[in-house]
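The structure under discussion appears below in the form of structure tokens.
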Amino acid sequence: MHTDALVRMANQIGAFFDAMPDRPEALEGIAQHIKRFWEPRMRRELLAHIDATAGEGLSPTVIEALAGHRALLAEHTAPH
């Protein structure tokens, strides 16, 4: 999958959860959604994008969510 598509989808998820009044709950919700519904390859690619570009194109909310929950997202994402 292209990184641009992953960034766009992550930002859409972030926009949905950004409306929540409880910021920590929103950040966890973003990470949990990506963990549950994205396959490991997609999560790996998004984390690699953050490492390579400091999250270029991602909303600040998504960057904060992914940075704060990186261990959760990295679970079971090692290539086979």
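The values are calculated or read from the model by the stated rules, or taken from the named source; none is laboratory data. Just so you know, these numbers come straight off a predicted model, no measurement behind them. Note that each Cβ is placed from the backbone with ideal geometry, even for glycine, and that neighbours are counted across all protein chains shown.
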Sole residue being farther than 15 Å from Ile13 by Cα, touching a helix residue (DSSP H, G or I) at 6+ places or on another chain (Cβ under 8 Å) and not in a helix (DSSP H, G or I), chosen from Glu56, Glu45: Glu56
Filtered residue count, the range 29-59, keeping only those that are of a type in the set (Ser, Thr, Tyr) and within 13 Å of His69 (Cα to Cα): 0
Residue, nearest to His2 (Cα to Cα), within the range 46-58, restricted to residues that are in contact (Cβ under 8 Å) with a residue 24 or more places away in the chain and within 10 Å of the chain's Cα centre (by Cα): Leu46
Complete set of residues in the range 67-80 that are free of Cβ contacts under 8 Å to residues at least 40 places away in the same chain and part of a helix (DSSP H, G or I): Ala67, Arg70, Ala71, Ala74
Every pair of residues 6+ apart whose Cβ atoms lie under 9 Å, when the first sits in the range 1-26 and is more than 15 Å from Glu56 (Cα to Cα) and touching a residue at least 12 places away in the same chain (Cβ under 8 Å) while the second is in a helix (DSSP H, G or I) and among the acidic types (Asp, Glu): Met1/Glu45; Phe17/Glu25; Phe17/Glu28; Ala26/Asp18
Residues being among the aliphatic types (A, V, I, L, M) and outside any helix (DSSP H, G or I) - total across the range 15-36: 2
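Listed here are the residues, each with its yes/no results for (1) out of contact with any Asp or Glu (no Cβ under 6 Å at 6 or more places or on another chain); (2) basic (Lys, Arg); (3) surrounded by 16 or more Cβ atoms within 10 Å (Cβ to Cβ).
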residue	(1), (2), (3)
Arg8	yes, yes, no
Ala15	yes, no, no
Asp18	yes, no, yes
His33	yes, no, yes
Pro40	yes, no, yes
Answer from Met1, Met9, Met42 - the residue that is under 20 Å from Glu75 (Cβ atoms) and at pLDDT below 95: Met1
